[in-house]
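> Pasting a structure here, questions to come.
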Amino acid sequence: MKRTMIVAGVLVLGAGAVMAQQEIAVQQDNLMRSQAKSLYSVIQKMSKGDIPYNQKTVDEAIANLEADVAKIAKTFEVNPKQDVVNASYGSSPKVWQNKADFDSKIPPVQKAIADVKGKITNVASLKAAYTAINDRCNDCHETYRLKLK
Ligand code: HEC
């Protein structure tokens with residue numbers, strides 16, 4: 001009886017650790033998805049004319065993006081050692097082998113955002129802002145993001 005309880009306890013602890021790791025991976029993925037919502041679902045779509053230009057929506061998207069990017073270094077502090085179930089993209093192990101270099105990819109994104117903040121007034125300037133920011137996102141993805149499927 002005692003033994004069964006210990007075994008059950010160890011199993012619960014094990015499951016808890018797996019859960020926590022999956023939770024970390026999900027948090028990391030959610031942060032990236034939130035950035036994608038601002039940059040792709042709003043800024044890119046609007047710059048292509050898929051949705052009408054709206055100054056308030058643009059300004060909000062830039063502000064959300066700025067807030068999200070500031071969370072990358074901290075959100076990726078711990079290596080979850082697993083991918084989000086069924087995810088299309090995962091983190092390369094290199095993120096945690098070269099965390100300082102990974103982190104060094106963040107300020108250029110912040111600079112690209114700061115450079116356009118408050119200066120986007122029409123589709124043309126929105127398009128330029130999209131490209132400038134997206135190029136910096138991709139500088140990190142090139143090295144640290146893996147395509148899983
Ligand atoms: C410092 C590195 C870094 C920067 C900067 C960065 N990303 Fe990522 N991104 C990652 C990593 C690592 C992954 C893979 C792990 C994940 O999905 O959580 C990823 C995944 C993603 C994904 C795929 C999510 C999924 O699984 O569907 C999207 C979309 C994304 N990033 C958007 C962005 C956007 C937009 C920006 C710029 C505003 C950005 N990222 C900036 C590192 C970065």
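The values are calculated or read from the model by the stated rules, or taken from the named source; none is laboratory data. Please read all numbers here as calculations on a predicted model, not as lab measurements. As a convention, Cβ positions derive from the backbone with ideal geometry for all residues, glycine included, and neighbour counts pool all protein chains shown.
> Just to be sure before I move on: is Val85 more than 9 Å from the ligand (Cβ to nearest atom) and at pLDDT 95 or above in the structure I sent?
no
> What's the number of the condition Val42 fails, among (1) within 14 Å of the chain's Cα centre (by Cα); (2) in a helix (DSSP H, G or I); (3) surrounded by 14 or more Cβ atoms within 10 Å (Cβ to Cβ); (4) among the hydrophobic types (A, V, I, L, M, F, W, C)?
The number of the failed condition is (1).
> Any residue in the stretch 99-118 that is under 15 Å from Ile133 (Cα atoms) and at pLDDT 95 or above sitting within a Cβ distance under 9 Å of a residue that is more than 12 Å from the ligand (Cβ to nearest atom) and among the hydrophobic types (A, V, I, L, M, F, W, C)? List the pairs, counting only those 6 or more apart or interchain.
Val116/Leu126; Val116/Ala128; Lys117/Ala63
> Scan the helices (runs of 4 or more DSSP H) fully inside the stretch 57-149 and keep the ones with 1 or more residues being of a type in the set (Gly, Ala, Ser) and surrounded by fewer than 18 Cβ atoms within 10 Å (Cβ to Cβ). Walk me through how you get there before you give the answer.
Values: elements: 72-75, 94-97, 99-104, 106-116, 123-144.
The qualifying helices (runs of 4 or more DSSP H) are 72-75, 99-104, 106-116, 123-144.
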